[in-house]
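Accompanying notes for the structure given below.
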Amino acid sequence: MSLLQISDPTITNENLKKFVVGIDLGTTNSLIASYDLNLRIYQENSSKLIPSVVGIQKDDNILVGNNACLQSDSDTTIIRSIKRIMGLSYEDINKLDHQENFPVVRAQNDLPCIAVNDKEYSAIDISSKILSHLKQLAESMENKTLDGAVITVPAYFNDIQRQATKNAAKLSGINVLRLLNEPTAAALAYGLESNETGSFVIYDFGGGTFDVSVLNLDKGIFKVLSTDGNTRLGGDDIDNAISIWLSNNYSFMKKYSYSEIKEYAKSIKESIANEESISIKVNENPVTLSQDQFQDIIAPILNETFEIVKNAITASGLSPSEIKNIILVGGSTRINCIKNLLEKKFSCSVLNNIDPDIVVAHGAAIQASLLSGNNKDNILLLDVLPLSLGIETYGGLAEKVILRNTPIPIKLRKTFTTFKDGQSKLLINVIQGERELVDDCNSLGSFILSDIPSMVAGGPRIDVDFQIDADGILSVSATETTTGNTSRIEVKPSYGLSESDITQMINDSNESAEIDMNLRRLNESIVEGKRVVYALEQALNNDGKDLLSNEEYQSIIDKLDILKSSISGDNSDLIEHGIREVEKQSEFYVERRMNSSIKSLIAGKGIDDIL
Ligand code: ADP
Ligand code: MG
């Protein structure tokens, strides 16, 4: 029964409404906005985009956003792009192909941190400074305390990265209503405004990352069909490409530091738009770049993004002709030729009528308003699982429980059993990946279900439940059904699985499908062979000598030996043949065992008792 809400008609609706916001916590820039019939973006120094930059001064004073960017003295340590290392381990950061602009050290707890003035700051600490800054900005402009926020994260953020974002919000005193995938937020912004139905591609090209998602919108229901991307591809790469061109074509550029050249490159990029060519003066020296040259320089980068779009469409199961629109998100989509190239390549119209800088924050603000009950229209948001999840079964085989591209949130159950008689424990190894063998997948964590009551192999029923909540966080539990014993874990996926890893894993699985199937067959035959050997040896130990003549006994042992030696090889045909031979040779023995157990059942009983 729901409670009736009684309101005083003299109090305006305004006072009953919760103050909730959407936050686009970007790698380069962040935004904070609220939505109540209209969108309101909270600005800093009349700028909607708030640089995701933190400056730590000598006296440990913290500056965030534009104020941090303005500091150029050597006494202030400037930290940019902290989002890149959110949720990564120290080892992961060392493995990154690209060094970050801040020194990362190993803290006492083994976690990575940034050491400044003898203090250690984790990525969560730095991120929370940005969030606190955004919160203060909105609160001071509304003169209200914030009740909650929807924070956007890249679709590829794994559980740890999502948890890290939540923890940063907690540290800054923000109540997280929900984490929302960035492309889903963008779709929400467009879906409500234009009331469209169909399949769409979200092309999000930011400062340092590229994300693409294929979405389906129908009657207010958003479903993400597939996602793909590259965490190391963005406007920054375009700035680098132009910088290299400048250095190669203008020898006087040698006088400038790389970061100075890059600033010139960036300003050329951001002002070339529809111009035939652009000329700037670098300390009295003229520099000219034509639109054609510009497009040639950036072509390899744009082609990489188009390739990723193609892959995402393939993964969604749709054909390119089924895509109604491509929606542009992120500052780098202001590059004019992107729209035309996409239209030509994918033969569909490209939507860019919402400012690509604010579209994610816009969608997050709408979602926050919906979740807080401020808005009556109900929209269900579905995101999608990037890689299949499952558990390891006997023989190192991967058993998938939830398939990749399944919409989340979701709860699914599969029932498993034991391999050995009297087995009292079961190790549940949770894995992520598309391959058939556990060794080729990613282990997300494992736990043990113990106190399984003693039963014959295959007797116990163990229900394994996978649950992924709306934030994309996975928990797995295992329950033995007769006793109700349960064990569970909140799965912490292996640190820093980037989407290039994910793409690699999917490509590997496509390329290795046949090899995998053969390996799976081999593993299954080995498991089955071992099961047959185990069961027969147990039986022979029990009553073999009583029920069989020496000759019969030996004939079964001979076949068993052949089977055992085939199991140690890698020929599944041979193993399957060995199993059939053993079964044939032991048929009469199995029959005698059955007769003997019936005899023992009826022993001492009169015929009347039996019929
Ligand atoms: P993020 O999502 O990574 O925080 P943004 O979506 O804010 O990034 O995009 C920032 C990028 O957009 C920067 O590389 C910036 O140079 C680029 N950008 C901004 N305006 C333009 C423009 N007019 N033309 C080309 N690139 C632009
Ligand atoms: Mg962005």
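Can residue 197 be described as at pLDDT below 90, within 16 Å of ligand 2 (Cβ to nearest atom), farther than 14 Å from residue 22 by Cα and of a type in the set (Ser, Thr, Tyr)? Reasoning before the result, please.
Numbers: at pLDDT below 90: yes; within 16 Å of ligand 2 (Cβ to nearest atom): no; farther than 14 Å from residue 22 by Cα: yes; of a type in the set (Ser, Thr, Tyr): yes.
Against the criterion (at pLDDT below 90, within 16 Å of ligand 2 (Cβ to nearest atom), farther than 14 Å from residue 22 by Cα and of a type in the set (Ser, Thr, Tyr)), residue 197 does not qualify.
Within the range 108-134, can you find the residues that are touching a strand residue (DSSP E or B) at 6+ places or on another chain (Cβ under 9 Å), open to solvent by less than 40 Å² (accessible area, probe 1.4 Å) and part of a helix (DSSP H, G or I)?
123, 126, 127, 130, 131, 132, 133, 134
Among the numbered criteria (1) part of a loop (DSSP other than H, G, I, E, B); (2) of a type outside the set (Gly, Ala, Ser); (3) open to solvent by 30 Å² or more (accessible area, probe 1.4 Å); (4) in contact with a strand residue (DSSP E or B) (Cβ under 7 Å, 6 or more places away or on another chain), which single criterion is violated by residue 102?
All conditions are met except number (3).
Kindly establish whether residue 71 is within 16 Å of ligand 1 (Cβ to nearest atom), open to solvent by 50 Å² or more (accessible area, probe 1.4 Å) and not β-branched (Val, Ile, Thr). Reasoning before the result, please.
On the way: within 16 Å of ligand 1 (Cβ to nearest atom): no; open to solvent by 50 Å² or more (accessible area, probe 1.4 Å): yes; not β-branched (Val, Ile, Thr): yes.
No; evaluated as a whole, the condition is false for this residue.
Every residue in the range 531-570 that is in contact with a Gly (Cβ under 7 Å, 6 or more places away or on another chain) and free of Cβ contacts under 8 Å to residues at least 24 places away in the same chain, please.
Taking the range 531-570 as the starting set, the residues that turn out to be in contact with a Gly (Cβ under 7 Å, 6 or more places away or on another chain) are 553, 562-563, 566-567.
Passing the criteria: 553, 562.
Just to be sure, is residue 527 open to solvent by less than 60 Å² (accessible area, probe 1.4 Å) and either touching a helix residue (DSSP H, G or I) at 6+ places or on another chain (Cβ under 8 Å) or at pLDDT below 65 (or both)?
no
Is it the case that residue 287 is part of a helix (DSSP H, G or I), surrounded by 15 or more Cβ atoms within 10 Å (Cβ to Cβ) and more than 13 Å from ligand 1 (Cβ to nearest atom)? Write out each step before concluding.
On the way: part of a helix (DSSP H, G or I): no; surrounded by 15 or more Cβ atoms within 10 Å (Cβ to Cβ): yes; more than 13 Å from ligand 1 (Cβ to nearest atom): yes.
Against the criterion (part of a helix (DSSP H, G or I), surrounded by 15 or more Cβ atoms within 10 Å (Cβ to Cβ) and more than 13 Å from ligand 1 (Cβ to nearest atom)), residue 287 does not qualify.
Filter the range 327-350 for residues that are open to solvent by less than 70 Å² (accessible area, probe 1.4 Å) and within 16 Å of ligand 2 (Cβ to nearest atom) and give the result. Walk me through how you get there before you give the answer.
Of all residues in the range 327-350, those open to solvent by less than 70 Å² (accessible area, probe 1.4 Å) come to 327-333, 335-339, 341-343, 346, 348-350.
Within the range 327-350, 327, 328, 329, 330, 331, 332, 333, 335, 338 meet the criteria.
Which members of the range 301-326 meet the condition of being in contact (Cβ under 8 Å) with a residue 12 or more places away in the chain, open to solvent by 60 Å² or more (accessible area, probe 1.4 Å) and of a type outside the set (D, E, K, R)?
Kept after step one, since they are in contact (Cβ under 8 Å) with a residue 12 or more places away in the chain, are these residues of the range 301-326: 301-302, 304-306, 308-309, 311-313, 315-318, 320-326.
Still in the running and open to solvent by 60 Å² or more (accessible area, probe 1.4 Å): 304, 311, 317, 320-322, 324.
Matches in the range 301-326: 311, 317, 320, 321.
Looking for whichever is more than 16 Å from ligand 1 (Cβ to nearest atom), buried (at least 19 other Cβ atoms within 10 Å of the Cβ) and not in a strand (DSSP E or B) here; the options are 366, 354, 268. Which one fits?
Details: 354 fails: more than 16 Å from ligand 1 (Cβ to nearest atom); 268 fails: more than 16 Å from ligand 1 (Cβ to nearest atom).
Checking each option against the conditions leaves just 366.
Determine which member of the set 52, 34 is open to solvent by less than 60 Å² (accessible area, probe 1.4 Å), among the polar types (S, T, N, Q) and within 16 Å of ligand 2 (Cβ to nearest atom). Lay out the reasoning, then the answer.
Values: 34 fails: within 16 Å of ligand 2 (Cβ to nearest atom).
Matching residue, one of 52, 34: 52.
The values are calculated or read from the model by the stated rules, or taken from the named source; none is laboratory data. This is a predicted model, so every value here is computed, not measured. Because the Cβ atoms are built from the backbone with ideal geometry, glycine has one as well, and the counts that use them run over all protein chains shown. With ligands, DNA and RNA removed, areas are computed over all heavy atoms of the protein, side chains included. Shrake-Rupley method; radii C 1.70, N 1.55, O 1.52, S 1.80 Å.
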